[in-house]
Each structure stands twice: as structure tokens, then as C-alpha cells.
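Asks: Dumping the structure here so I can ask a few things about it.
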Amino acid sequence: MKFGVSTFLTDEGIAPAVLGRALEERGFDALFVAEHTHIPVDRRSPLPAGGELPRKYYRTLDPFVALAAVAPVTRNLLLGTGIALVVERDPIVTAKEVATLDLVSGGRVAFGVGAGWNREEMRNHGTEPRTRGKLLDERMRAMIALWTQDEAEFHGEFVDFDPVFCWPKPVQRPYPPVYVGGGGEPAFERVAAFGATWLPSRVPAGELGGRMRRLREVAGDAPVVPYSASHEPAALETYAELGLERVLLDLPTLPEAESLRALDELAAATAAYR
């Protein structure tokens with residue numbers, strides 16, 4: 001298996017470039033970073049995992065700026081969003097950001113996307129939570145048009161533009177691989193629609209096989225890459241038995257010295273599975 005990490009990059013944790021170099025030095029092959037543009041003070045949406053909202057959610061760096069800092073100090077590291085909140089993003093601007101990062105990194109972008117859970121956050125972007133799934137799908141189709149057509153146009157319920165020129169185009173053709181977050185039927189349908197990889201977040205290893213069977217019914221042999229995955233021996237053994245090609249291990253958000261120690265622990269735990 002290949003191993004990467006998924007994490008929240010913040011102004012209080014390890015710097016992106018330092019982390020990128022450290023990952024490659026230890027044989028990790030991917031870095032996926034979370035996104036929240038802000039956290040409303042009057043937040044009523046509960047954290048899906050339950051409990052209090054961790055401090056790291058309040059302080060996330062912009063994923064594309066952070067990954068652009070990682071690109072020039074690494075050679076092979078896959079640079080992923082995990083996940084980009086497309087329902088809070090202008091699709092034309094986001095298409096350009098993804099394509100630009102793909103260009104400057106030499107074709108190393110993985111575009112992880114999802115609809116999000118924080119209703120107050122998305123409302124501040126003008127997004128109606130009840131229709132965010134439709135909005136996500138439409139913005140994705142619009143971005144694909146921008147990446148693949150020289151004179152792109154799109155006409156939908158939420159996104160509408162006449163023919164435009166939009167460069168750069170992604171280095172990866174026809175466009176960077178899409179990773180779809182979420183655990184239900186809508187996520188599986190998006191995996192099928194976009195030829196994507198399923199990016200399940202914090203799904204216990206023991207439950208993953210059952211969910212993958214349902215995914216197969218909807219999206220065939222779509223790849224599966226667990227996000228925020230456990231490095232416990234039983235979990236790693238399950239991932240191996242499931243035949244997964246890549247796993248994104250959870251890396252806590254910590255200062256530099258503590259982050260490097262955590263990476264050493266992850267590298268040691270996974271050595272036998274590489």
C-alpha cells in the first residue's frame with residue numbers, strides 16, 4: 001500500500017513546506033488538507049463526529065495557497081484537497097486555482113470535493129444548505145467544462161455563463177483526479193458520475209468493507225482511499241485485506257517538533273505494509 005496523510009494545516013501547526021519535505025523524507029506519497037473558510041460565531045450545525053469543535057477548524061489555511069507552498073519543495077508528493085468546499089467557492093475561480101496548482105506542481109493535484117456540514121458557514125457564502133448537493137454537482141460539471149474546452153460555456157440552474165476562455169488547463173488530462181467525500185448514496189452517485197475515487201472520512205476500518213460493497217453496486221470498481229485513517233495494527237491489516245492501494249493516515253495538527261515525531265510514529269507503524 002501507499003500511505004499519505006490527511007491533516008488540518010493552521011497558523012499554529014507545522015508549516016506546509018516543512019511538512020511536505022518531511023513526508024517525502026519518510027516515504028509518504030500524499031498530503032491532503034482540509035478546508036474551512038471561517039467558522040460562524042453563532043454556529044448551530046453539530047460536528048458530524050460529535051463533541052466540541054476542535055480548535056484546528058477555526059484556523060485552517062487556504063488549501064490551494066498552502067499546497068502551492070509545498071509544491072516547489074517536493075518532487076513526487078500528491079497534493080490533495082480533503083475536502084475543498086465547492087459549495088462555498090466560485091467555480092470559475094476554483095477551476096483556475098486547481099489548474100494553476102496542477103501546472104506549478106507538474107501534474108500532482110488530486111481534487112477532493114464535498115458538500116460540507118456547516119450550514120451557517122455555507123449560508124455566509126450565499127449557499128442554501130437544502131440544495132447544496134445539486135449546487136456541488138453543477139459546479140463540478142462547470143469546472144470540468146472549463147478544464148476541457150477551449151471555449152467553455154455552461155448553462156444550469158446555479159451556474160450560467162456564455163463561452164469563455166479560461167487558462168491554464170490542467171497538466172493532467174482530461175483533468176485532475178476527483179476524490180469525493182461523504183458516506184451516503186449521493187457520494188456514491190458522484191463517484192460514478194465523475195469517474196472519481198471515494199474518499200471516506202473517519203469510517204472505522206471494520207465498517208469499510210460493507211460500505212465498499214454498496215459503492216461497487218453504484219460505481220463499479222471505483223478506487224477507495226480512506227481519509228483520516230487509523231494507523232492501529234488491526235486497521236492496517238483490514239486495509240490490506242481490502243486491497244486498498246492508498247490510505248491517508250490522520251496526522252494531528254501540532255507544532256513542528258511534535259508533528260515530526262508523529263510522522264516518525266506513522267512511518268514505523270506502516271513500514272510492514274509498504
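The values are calculated or read from the model by the stated rules, or taken from the named source; none is laboratory data. Since we're looking at a predicted model, the values are computed, not measured. With ideal geometry, Cβ positions are generated from the backbone for all residues, glycine too; neighbour counts draw on all protein chains shown.
Asks: Kindly provide the set of residues from the stretch 231-243 that are part of a loop (DSSP other than H, G, I, E, B) and out of contact with any Ser or Thr (no Cβ under 9 Å at 6 or more places or on another chain), ordered by number.
Replies: Glu232, Leu242, Gly243
Asks: A follow-up question, please. Would you confirm whether any residue within the stretch 65-74 is assigned to a helix (DSSP H, G or I), of a type in the set (S, T, N, Q) and either under 21 Å from Val247 (Cα atoms) or touching a strand residue (DSSP E or B) at 6+ places or on another chain (Cβ under 9 Å) (or both)? Before you say what the answer is, go through the steps one by one.
Replies: Filtering the stretch 65-74 for residues assigned to a helix (DSSP H, G or I) gives 65-73.
Applying the additional criterion that residues be of a type in the set (S, T, N, Q) yields none.
Scanning the stretch 65-74 turns up no residue that is assigned to a helix (DSSP H, G or I), of a type in the set (S, T, N, Q) and either under 21 Å from Val247 (Cα atoms) or touching a strand residue (DSSP E or B) at 6+ places or on another chain (Cβ under 9 Å) (or both).
This table checks each residue for (1) surrounded by 21 or more Cβ atoms within 10 Å (Cβ to Cβ); (2) touching a residue at least 12 places away in the same chain (Cβ under 8 Å); (3) of a type in the set (Gly, Ala, Ser).
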{"residue": "Arg130", "(1), (2), (3)": "no, no, no"}
{"residue": "Glu185", "(1), (2), (3)": "no, yes, no"}
{"residue": "Ala196", "(1), (2), (3)": "yes, yes, yes"}
{"residue": "Arg213", "(1), (2), (3)": "no, no, no"}
{"residue": "Gly220", "(1), (2), (3)": "no, yes, yes"}
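Asks: Scanning the stretch 79-99 for residues that are of a type in the set (D, E, K, R) and either outside any helix (DSSP H, G or I) or touching a residue at least 60 places away in the same chain (Cβ under 8 Å) (or both), which turns out farthest from Pro168 (Cα to Cα)?
Replies: Arg89
Asks: For the stretch 247-261, which positions are surrounded by 19 or more Cβ atoms within 10 Å (Cβ to Cβ) and either in contact with a helix residue (DSSP H, G or I) (Cβ under 8 Å, 6 or more places away or on another chain) or over 15 Å from Val203 (Cβ atoms) (or both)? Walk me through it before giving the result.
Replies: Filtering the stretch 247-261 for residues surrounded by 19 or more Cβ atoms within 10 Å (Cβ to Cβ) gives 247-249, 251, 253, 259.
Listed by number, the residues that qualify are Val247, Leu249, Leu251, Thr253, Ser259.
Asks: Could you check the stretch 27-62 and list, in sequence order, the residues that are in a helix (DSSP H, G or I) and in contact with a Phe, Trp or Tyr (Cβ under 9 Å, 6 or more places away or on another chain)? It would help to see each step written out before you state the result.
Replies: Of the residues in the stretch 27-62, the ones in a helix (DSSP H, G or I) are 55-58.
Passing the criteria: Lys56, Tyr57.
Asks: Also: Under 7 Å between Cβ atoms, which residue pairs at least 6 apart in sequence (or on different chains) link something in the stretch 151-179 that is surrounded by 12 or more Cβ atoms within 10 Å (Cβ to Cβ) with a partner that is hydroxyl-bearing (Ser, Thr, Tyr)?
Replies: The qualifying pairs are Pro168/Thr100; Tyr175/Thr148; Pro177/Thr197; Tyr179/Thr197.
Matching residues to (1) touching a helix residue (DSSP H, G or I) at 6+ places or on another chain (Cβ under 9 Å); (2) within 30 Å of Asp162 (Cβ to Cβ); (3) modelled with pLDDT under 95:
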{"residue": "Thr7", "(1), (2), (3)": "yes, no, no"}
{"residue": "Leu19", "(1), (2), (3)": "yes, no, no"}
{"residue": "Ala22", "(1), (2), (3)": "yes, no, no"}
{"residue": "His36", "(1), (2), (3)": "yes, no, no"}
{"residue": "Lys56", "(1), (2), (3)": "no, no, no"}
{"residue": "Val70", "(1), (2), (3)": "yes, no, no"}
{"residue": "Ile92", "(1), (2), (3)": "yes, yes, no"}
{"residue": "Ala95", "(1), (2), (3)": "yes, yes, no"}
{"residue": "Val98", "(1), (2), (3)": "yes, yes, no"}
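Asks: Consider the stretch 87-110. How many of its residues are in contact with a strand residue (DSSP E or B) (Cβ under 8 Å, 6 or more places away or on another chain) and more than 17 Å from Ala152 (Cβ to Cβ)?
Replies: 5
Asks: Which condition from (1) over 22 Å from the mean Cα position of the chain (by Cα); (2) without any contact (Cβ under 8 Å) to a residue 24 or more places away in the chain is the one that Tyr273 breaks?
Replies: For Tyr273, the failing item is (2).
Asks: Could you please tell me which pairs satisfy a Cβ distance under 6 Å, a separation of 6+ or placement on different chains, a first residue in the stretch 60-71 that is buried (at least 21 other Cβ atoms within 10 Å of the Cβ) and of a type in the set (A, V, I, L, M, F, W, C), and a second residue that is part of a loop (DSSP other than H, G, I, E, B) and at pLDDT 95 or above?
Replies: Here the result reads Ala66/Leu9; Ala71/Ser105, each pair linking the stretch 60-71 to a residue that is part of a loop (DSSP other than H, G, I, E, B) and at pLDDT 95 or above.
Asks: OK, next. Of all the residues that make up the stretch 64-112, how many are farther than 20 Å from Ile144 by Cβ and touching a Ser or Thr at 6+ places or on another chain (Cβ under 6 Å)?
Replies: 1
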